[in-house]
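Here the structure comes first, spelled out in structure tokens, and everything after it is commentary.
The values are calculated or read from the model by the stated rules, or taken from the named source; none is laboratory data. On a predicted model such as this, the values are computed, not experimentally measured, just so you know. Cβ: placed from backbone, ideal geometry, glycine included. Neighbour counts: every protein chain shown.
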Amino acid sequence: MSTLSVDHLLGIKYLTKEDINLIFETADHFKEVINRSIKKVPTLRDITIANIFFENSTRTKLSFELAEKRLSADVINFSASQSSVKKGETLIDTVNNILSMKVDMVVMRHPNPGAGIFLSKHVDASIVNAGDGAHEHPTQALLDSYSIRERLGNVGGKNVVIVGDILHSRVALSNIFALQLQGANVKVCGPKTLLPKYIESLGVGVETNLKSALQWCDVANMLRVQNERLDVSYFPTTREYTQQYGLNKKLLQELDREIVVMHPGPINRGVEITSDVADSGQSIILEQVENGVAIRMAVIYLLASKIK
């Protein structure tokens, strides 16, 4: 069997195209498993996985937990926002305590970029980055690409626009890396205040007009406005943002062809996307959620197979 070129999933930028193909092929297999009447496989019965979340996350945490349990791993959940971290314990203390429980793999979300890389150098366990600050969120990008492949047949050659708060989005950065690795053309679209200064150096197009971006694309990935990260006002009002960058049925109907609509969730309905678009046949938002479990099963399984 093929193996991944990496021992950790720290970011898309460390993966090869072959790694992504292997993850997708493995996910195809697990997708069949989770659609059976018995949804569990005994594959990882001897593996213990700790989910450490230093930031709140309902959807990603549930998705990882479900993936781990479908593979029959032993799971420890550690929510650092309610733990001794608040009492001043360091990241390394926390992890060493968890490793003393003989954990094989750590799935971690952390507010600081690079936290997973730091961890991988100091602990003897396989690390999966479940989001580090505004840096990367590799499994989200993988499930996004996998969902595009499922709907359109492949990712290479497709035009994908990522719309919204690119500046604070780990999803955007991981998606840009993943899409480019697979040969897609990528543009970002949003208010200038929410586009990072360096963005063009990543080889992506920049568009500030949503209509133009939609005319160009095959897929529109609508990002959530991250109110919790906006420490200053990046646009005058939510209403104005919606008028300029919100996706609604009228905009879709004005296009000369059907495009695919995505959203990493959770959705602010009526802000970046209206309900009638989110719930329409052009939307693959629910498929993204289902594919998230299969992709995370694939990642965990492939990394676990490298644990000595």
query = Can Ile162 be described as buried (at least 17 other Cβ atoms within 10 Å of the Cβ), in a loop (DSSP other than H, G, I, E, B) and touching a strand residue (DSSP E or B) at 6+ places or on another chain (Cβ under 9 Å)?
reply = no
Of those in region 176-216 that are closer than 27 Å to Leu10 by Cα and of a type in the set (Phe, Trp, Tyr), the residue surrounded by the fewest Cβ atoms within 10 Å (Cβ to Cβ) is Tyr198
*Please tell me if Ser145 is in contact with an Asp or Glu (Cβ under 9 Å, 6 or more places away or on another chain), closer than 21 Å to Val299 by Cα, modelled with pLDDT of 95 or more and not hydrophobic (A, V, I, L, M, F, W, C).*
no
**Message:** Regarding region 270-292, can at least one residue be identified that is surrounded by fewer than 17 Cβ atoms within 10 Å (Cβ to Cβ), modelled with pLDDT under 95 and farther than 24 Å from Asn51 by Cα?
**Reply:** yes
Here the qualifying pairs (Cβ atoms under 6 Å; residues six or more apart or on different chains; first in region 201-220 and in contact (Cβ under 8 Å) with a residue 60 or more places away in the chain; second in a helix (DSSP H, G or I)) come out as Val219/Ile148
Checklist entry - Taking the stated definitions as given, is Asp46 of a type in the set (Asp, Glu), surrounded by 13 or more Cβ atoms within 10 Å (Cβ to Cβ) and either out of contact with any strand residue (DSSP E or B) (no Cβ under 7 Å at 6 or more places or on another chain) or closer than 18 Å to Val171 by Cα (or both)? => result no
From the option list Val155, Val123, Val163, single residue qualifying as among the aliphatic types (A, V, I, L, M) and touching a residue at least 40 places away in the same chain (Cβ under 8 Å) is Val163
If we keep only residues of region 30-56 that are in contact (Cβ under 8 Å) with a residue 24 or more places away in the chain and part of a helix (DSSP H, G or I), then the residue nearest to Glu287 (Cα to Cα) is Lys31
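Considering Arg229, Arg296, Arg239, Arg224, which residue is at pLDDT below 95 and closer than 30 Å to Lys69 by Cβ?
Details: Arg229 fails: closer than 30 Å to Lys69 by Cβ; Arg296 fails: at pLDDT below 95; Arg239 fails: closer than 30 Å to Lys69 by Cβ.
Of Arg229, Arg296, Arg239, Arg224, the one residue that is at pLDDT below 95 and closer than 30 Å to Lys69 by Cβ is Arg224.
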Within region 168-175, does at least one residue satisfy the condition of being in contact (Cβ under 8 Å) with a residue 24 or more places away in the chain, in contact with a helix residue (DSSP H, G or I) (Cβ under 9 Å, 6 or more places away or on another chain), in a strand (DSSP E or B) and buried (at least 24 other Cβ atoms within 10 Å of the Cβ)? no
Given the conditions (1) closer than 16 Å to Leu303 by Cα; (2) part of a loop (DSSP other than H, G, I, E, B); (3) free of Cβ contacts under 8 Å to residues at least 12 places away in the same chain, every one holds for Asp7 apart from (3)
